[in-house]
Every structure is written in C-alpha cells, then in structure tokens.
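As structure tokens, the structure follows; a few thoughts come after it.
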Amino acid sequence: MIRFLANRLLGMAVVLFLVCLFTYVIFFLLSPDPAVQICGKNCTPEAIDQIRANLGLDEPFLAQFWTFLSGLFVGRTYGTGANAIDCVAPCLGYSFQSSQPVTDMILQRLPVSATVAVGAAVLWLLAGVSAGLVSAVREGKFTDRFITGLTLTGMSVPNYVLALSLQFLLVVTLGWLPFPQAVPFSEDPLQWFMNFLMPWIVLSIGAAAVYTRLTRANVIETLQENYVRTARAKGLSPGLVWRRHALRPALTPIVTIFGMDFAGLLGGALITETVFGLNGVGKLAADSITKNDQPVIMGVTLLAAFLVVVGNMVVDLLYTAIDPRVRVGSAA
Amino acid sequence: MTFTPTELEAEGAAGGEATGDPASSSPPASGRRLARAFMRDRAAVACAAYILVVILMALTAPLLVKLSGYGPLEFDQAAVDPNLGGLPLGWGGGIGTDHWFGVEPGNGRDIFARIVYGARVSMTIALLATALTSTLGVVFGLIAGYFGGRTDMVISRIMEFLMAFPALIFMIAVLSALPAENRQALLVVVISFFGWPYLARIVRGQTMSLKQREFVESAKASGASSAQIIFKEILPNLSSTIIVMTTLAVPGYVGTEAGLSFLGVGVVPPTPSWGQMIASSVSWYAVDPAYFLFPGAFLFLLVLSFTVLGDRIKKIAESGEGRA
C-alpha cells in the first residue's frame, strides 16, 4: 500500500511538473512580450528594460522557470532594494493587467466557482442516478426508452445554447426567475438560490445524462451477475437483492468517476460562468484570455491541473478502498 | 498488465470495450449486415440525413449564398433599425424573402449565409480533427498493444499524462498564446493532440487480446513482418470499434470547436463559425432571440445527430458481434 501510495504521489508530482513546464514553455516562447504590454503606449526602451528586469524577464528561460517553480513553494521577491515586492508562497506572480497577486485573485473567486460546482454536482448526481435506476428497472419499456432519448438530447445540447435558451424562456418570456445578479447568501437566501439555479441546471445537464446512462448500464449488467441470480434463487426479497447485492457494485464506479468530474469542475466552469456573468475562476480565465493576461491564465491552468490530478488520485485510492476486486499489485 | 481503476471505469463508460472483454475479441459483424440493420433504424437514418444535409450545405455554400442573394460578410444596413441600436427590422430578427433566417443585429449580415459558411468551418474542423485523432489513436494504440514492453510503457505514460490534463483550459491557454493566423489548422492540431489517447487506449486493449489469437500466430509462423501482421491481420478486426469510436468522437469535436470559438479563442472573425455566432448573440438574446436560436438549433441538431448515430451504430455492431 505504501509503495502504491508513493508511486502515485510521484506520478502526480511528475504530471504537475510537466504541466508547469508545458504552460511555461508555451507562454515563454509564443506570446508577445508582456513588458511591452504593461508599459503601454508612451513607452521608452529604458522603461521596458526596467519592467523586464523587475519581472525577471531578462533572465534565461531555465532561470525564469526555476524562479517561477520555487515561487510556488517558498515565494519570491520582485525587484530589488527599496521597491522590492514580496510575493508569498504559493506565488503565481502578478496580473499584468490589475497588478494584483494572481493567488489572491483566484482565491477571491474560488467560493463562487465552488458554489456552482457543488450545486451542479448534487443536481447531476441525484438526477443521473435516480433516472438511471428508473431506466434500469423499466428496461425496454416506454419509460426506459424515453429516458434514453432524453439522455441523448442532454448529452448533445451545448451548454451555452441551453443557457441562452433557458434565460430567454425563464427570465425574459415567462418572468419566472429574476435576472441573475450577485447576491450573497446571508442577505437574501431565496434570491441567491434563484440566481444559481440556472447555472446549476445548465452545468449539470450533460453530466446528468452521462450518469444516467452509466447507472443504467451498470445496474442492468449487475443484475445479470451470477451472485444476484443466486440471491434471488435463495428467496431474498427483491428489495434486499437490490440493496445488498445489486446497488453497491453498480454504483461504486459512479461514485469514483464522480470524484474526477467534480475535481474538473472546481477548476472553473468557463462557459457557464461566462454566460451567466458569475465571477468565478472560470470567468477569470475567460476574461484574462481576452486581455492576454498570462500569469492569470497560467495560474488557473495550474490550479485546474492540480485539482484534476489530485482528484484522480483520491479516486484511485477510494476505488481500492471500496472495491475489493481491485487490489493493488495483484493486477499482474 | 496494469491499469488504474479509473481507466477501467472510463473504458466501461466508453461502451464496455474493456480490455480482455470476450465480446470484443469475437469476429466483427460484416459490413453488409451492419448496413442492412442500419437502414431499418429510422432514427439513425434521420440523423444520417441531417448530417448529409449539413455536409451538402457546407460543400455548396457559395452556390446557396448566390441563391439567397447575400454573402456571409456583406453588411445590409437597410435591414436593421439604427434608432433601436441596430435591431433587425421585421419579425423574428428580420426573417423574410430577402434574408431567410433574418440578419445579425447591428451590421445586418445575413444569418443564412453565415450559417451555411459556418457549417463549412465547423464540419471541416470536426472532421479533420476526427481523422487526425483516429489516425494517431489507431497507430499508437496498435503499436503499444502489439509491441508491449517498453514501447507500451512509454506510450501509455504519455496517454495518461495527456488525459490527466485539464484539456479545455489548456487548449484555451495554448490557443490564446498562439498567433491568430491559421487558427483553423491550429484548432485541429490542438484538439487532436488531447483527443487521441481515448481511442488509442481502447485500440491498445483490443490489440493485446487479438495478438494472442491463432490467426496472428499462423501469420507469424508463415513469416509475416510485424507491419504486415499489424495492418493486415489486426487492423481489419478493429474496424467496427474504430467506426463506433470515431462516430462518437465527432460530436465532441463539433462541440469543442464551437465552445472554443464561443470563448473567443477559436475561429477568428469575420470568418463565421456556429459557436462564434452564438457567442456574439449573447448580448442580444433578450431582444433578438432568433440570432442565437438559428445557430444554436443547427449546432444542437448536428451534435445530437452524431451522438445518436454513434449510439445506434454501436448497438448494431455489438449485437452483430454477439450473433457472429
């Protein structure tokens, strides 16, 4: 177990390092000189040099990369002497646009993204698993075919199209929901809930469809297993067969795949946040793209990668814990 | 053979073609039987028909535009009302005999023409990305599965690495850093770069079980080279898997292209793409719903058609395999 854990941790570190390197190389090699951008229109070559020196852009690639990496763990200092600025770990640098520390910018927006992600995750898990169960119970009947048709639709609708349609239908035409605006939960819980309702629906619909299909397939497959037949043959009530023998193996994979999807979502639901104007990490990334604010884009990319990699690992560990068939090392 | 549980699961999710699945190593259904079963499936035929219409639309775009009278880049200030901030004149965003699908608010560009030309962009990118992804996926999957050992380890590590990447955010980061010229080619490359491991993993698994079979042994014994075995013996047996996987991949790429264009890192204006049209309609959705409904409906139907088609082909292929 310890060896497995160490292996996974090492693999995780390697992936994260490569993500860092990859992003850094791309921004270092491909993007226009940020110093020119920061300097603005009335710029002298001396000013550009000054900015480059302050940001450490005059150093060779490897040195810059090293400063960036070590900044993540122990922080770094910009400039020298009296006007030196300390950036504490984990330091992702400063935004080229607003001159704020990227770490702070991301932390400020994380709660919104987390709210969106958690709500959507609850919604799709509930909707997906229950619809999948219903579908599996009524396999081949009208309900099953209807749900299957719905899932195909749900999987296919691009979320910004759905977002716009919902907004047009529910807000403009029917007036059932207020126009989304940011209200803190403590101020007006109902308004807060209404605001997040549409983003939750939009974000969860695709995943709900996928989970419905997965649940359906897994349950149907499990019900055909020999041990379920045995349980039935020895006269257990259908309810007990379901609860004790069918559901656990059928739902284990769902729980684990859920971990990964959720981690992926925390890194910012770019499109949903942008369409609804929610000030989350995803919107931050989208805005930074239009402004070509590289440190912020990099920060968000790294955060997203970190969450996905950690999520993957947690899922693997969970899987080993939940499913006795997957035993480490025995898979020869 | 080692695989992480998550991989196992994803494979199950991709249609149960898990490694070592006995069903997947049985001989595939013949093409003719597949086609006959396909023709009996009304939903599949309808989806295929819609896809064909979109492809035809894309191919004949210049002709269609000549028929409708307005090009995709032509401004028509007569069709919008300058007093209302450029809102299209007339019902449904200016639908009429002049502009079949209405016009864009603001500059009065013809939406029909932009949809038709947008179909070109969307289809080209999605199909090219699918072709490139499939080629890469099949080749690397075959190599990893057939040769095993160190080759397999290297390729598998690369695949794991790519799949652990937050692909969408990274695509955005890469595309935003790259220069804007030749965006369409870049989109294809970037999408394929992150897409091939999903097919490769399944091809690898099936190759590993296929290479144990007698016909491969006998080919080896009769002195066939590795390349001959891979391409003449193993590859034909993978065809139904590849067809299913690629059909199921296309809607994802259509969606990705539209999504990236929607976020402003895809196809560069004024070249139209459906995702980009929807993006520019965001600020108008309340007053001119037709502006997002047309590209939205076309995009949704295209993704839906490919998804349903892939789903149906998969079912037909699976039941065909079961019978054989």
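The values are calculated or read from the model by the stated rules, or taken from the named source; none is laboratory data. Note that this is a predicted model, so its numbers are computed, not measured. Because the Cβ atoms are built from the backbone with ideal geometry, glycine has one as well, and the counts that use them run over all protein chains shown.
Quick look at the values:
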{"quantity": "When residues of the range A:285-324 are limited to those that are more than 7 Å from chain B (Cβ to nearest Cβ) and in contact with a Gly (Cβ under 7 Å, 6 or more places away or on another chain), the one surrounded by the most Cβ atoms within 10 Å (Cβ to Cβ)", "calculated": "A:Leu303"}
{"quantity": "Enumeration of residues in the range B:275-324 that are within 19 Å of A:Phe146 (Cα to Cα) and among the polar types (S, T, N, Q)", "calculated": "B:Ser305, B:Thr307"}
{"quantity": "Any hit, the range A:134-141, residues being within 19 Å of the chain's Cα centre (by Cα) and modelled with pLDDT of 85 or more", "calculated": "no"}
{"quantity": "Which numbered condition B:Glu17 fails, given (1) surrounded by 20 or more Cβ atoms within 10 Å (Cβ to Cβ); (2) modelled with pLDDT of 70 or more", "calculated": "(2)"}
{"quantity": "Elements of type helices (runs of 4 or more DSSP H) contained in the range B:30-70, each with 3 or more residues being at pLDDT 85 or above", "calculated": "B:42-59"}
{"quantity": "Subset of the range B:122-167 (residues that are crowded, with 22+ Cβ neighbours inside 10 Å and over 19 Å from B:Arg201 (Cβ atoms))", "calculated": "B:Ser122, B:Ile125, B:Ala126"}
{"quantity": "Test: residue in the range B:262-269 that is surrounded by fewer than 17 Cβ atoms within 10 Å (Cβ to Cβ) and of a type outside the set (A, V, I, L, M)", "calculated": "yes"}
{"quantity": "Answer residue from the range A:215-236, given it is buried (at least 22 other Cβ atoms within 10 Å of the Cβ) and not charged (D, E, K, R) and is nearest to the other protein chains (Cβ to nearest Cβ) among those", "calculated": "A:Asn218"}
{"quantity": "Flag if B:Met163 is under 25 Å from B:Pro251 (Cβ atoms), in contact with a Phe, Trp or Tyr (Cβ under 8 Å, 6 or more places away or on another chain), touching a residue at least 40 places away in the same chain (Cβ under 8 Å) and within 12 Å of another protein chain (Cβ to nearest Cβ)", "calculated": "no"}
{"quantity": "Conditions (1) assigned to a helix (DSSP H, G or I); (2) at pLDDT 80 or above: number failed by A:Val255", "calculated": "(2)"}
{"quantity": "Within the range B:170-197, tally of residues that are within 14 Å of chain A (Cβ to nearest Cβ), in contact (Cβ under 8 Å) with a residue 40 or more places away in the chain and either assigned to a helix (DSSP H, G or I) or crowded, with 19+ Cβ neighbours inside 10 Å (or both)", "calculated": "7"}
